[in-house]
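Notes for the one structure printed next.
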2 protein chains.
Amino acid sequence: MTSTEDECRPAGSVPPPRATADRVRDTQALLAREVDCWVATADPVTGAPHLVPLSFVWDGSSILLATGERSIAGRGLASGNGVRIGLGATRDVVMVDGSVEAVPTGELDPAEADRFARRTGFDPRQTTSPYLFFRVVPSRIQAWREENELQGRDVMRDGRWVALTE
Amino acid sequence: MTSTEDECRPAGSVPPPRATADRVRDTQALLAREVDCWVATADPVTGAPHLVPLSFVWDGSSILLATGERSIAGRGLASGNGVRIGLGATRDVVMVDGSVEAVPTGELDPAEADRFARRTGFDPRQTTSPYLFFRVVPSRIQAWREENELQGRDVMRDGRWVALTE
């Protein structure tokens, strides 16, 4: 993507752009540190966009989410249309595009489900309404702060961290 | 919507839920104060969700955005599929659903365009690639912090602030 849409972020007085290796490191640290993210999906029937903050756990290679099986986000995640996830602040953003696999709560490795419950304070196995886990495997991750970081904002392409391959 | 998707936010030790009038006041203050928001759209062709942080201006009744006419966000905003905008923090969120009107940069009231440029530090009338303004008129706005605020999170319904009508 060489979209110019992000030009509309004001530059102001900003520090120089980070090197790619720094962005990869910052991105991995953010994924490990954060508990909440913005999850954008699209309604498979109406085509309407949806957005909701959800808690997540990063295991080093995938983002584990959980939401109601019949919720708008749940239906969007299960639709096969993919997902886009935003983390961090609007001026220190990590943007993840990925594929989504729905995992019934009873089929997730109990140790992983325990970790999710411990970290997020919420156990999707113990809800009154049916929940699903969703495993998001990133294909592309972008990281940028201000306009001067739009160039070189890909930190992962085709599922590979850029700094490891370039 | 009585979706249960948001149950997955951990409750923790949180303050008691705000009254509706307080949420309306907080929401209006956030809209007036913030410069950036998360803009979720859907690709009208592929159905894929998109998400990007963009700067905005709130005039008391609409959110003014600008992005590249040919960008993914621009195409999604122009698609007629609507938009969902998230503001604030993931645990102090304002979520806006609204209709979108594209406004060519030359057709926006110059005073309003000047205000946009001043506030965001970016003037869409002066880009090398073609930009559009997008006016988002909210139909529904939700505001919640933690799980205990999921009930009563509608602060605007059908384009009307709830506290003014209830």
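The values are calculated or read from the model by the stated rules, or taken from the named source; none is laboratory data. Just so we're clear, the structure is a prediction, and the values are computed from it rather than from any experiment. Methodologically, a virtual Cβ is constructed for each residue, glycine included, from the backbone with ideal geometry; neighbour enumeration extends over all protein chains shown. SASA here: full protein model, heavy atoms, side chains in, ligands and nucleic acids out. Shrake-Rupley method; radii C 1.70, N 1.55, O 1.52, S 1.80 Å.
Structure summary
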| item | result |
| --- | --- |
| Of all residues in segment A:48-63 being small (G, A, S) and closer than 18 Å to A:V137 by Cα, the one that is nearest to the other protein chains (Cβ to nearest Cβ) | A:S55 |
| Unique residue being open to solvent by less than 50 Å² (accessible area, probe 1.4 Å) and more than 7 Å from every other protein chain (Cβ to nearest Cβ) when the list is A:V39, A:V45, A:V83 | A:V39 |
| Given (1) touching a residue at least 60 places away in the same chain (Cβ under 8 Å); (2) out of contact with any helix residue (DSSP H, G or I) (no Cβ under 9 Å at 6 or more places or on another chain), index of the condition B:D97 fails | (1) |
| Filter pass, B:A66 being surrounded by 16 or more Cβ atoms within 10 Å (Cβ to Cβ), of a type in the set (G, A, S) and within 11 Å of another protein chain (Cβ to nearest Cβ) | yes |
| Set A:G159, A:G88, A:G106, A:G74: member being open to solvent by 20 Å² or more (accessible area, probe 1.4 Å) and at the interface with chain B (Cβ under 10 Å from one of its Cβ atoms) | A:G88 |
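Okay, residues lined up against (1) within 17 Å of the chain's Cα centre (by Cα); (2) at pLDDT 95 or above; (3) closer than 22 Å to B:A48 by Cβ:
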{"residue": "A:A19", "(1), (2), (3)": "no, no, no"}
{"residue": "A:D43", "(1), (2), (3)": "no, no, yes"}
{"residue": "A:G47", "(1), (2), (3)": "no, no, yes"}
{"residue": "A:W58", "(1), (2), (3)": "yes, yes, no"}
{"residue": "A:I63", "(1), (2), (3)": "yes, yes, yes"}
{"residue": "A:A89", "(1), (2), (3)": "yes, no, no"}
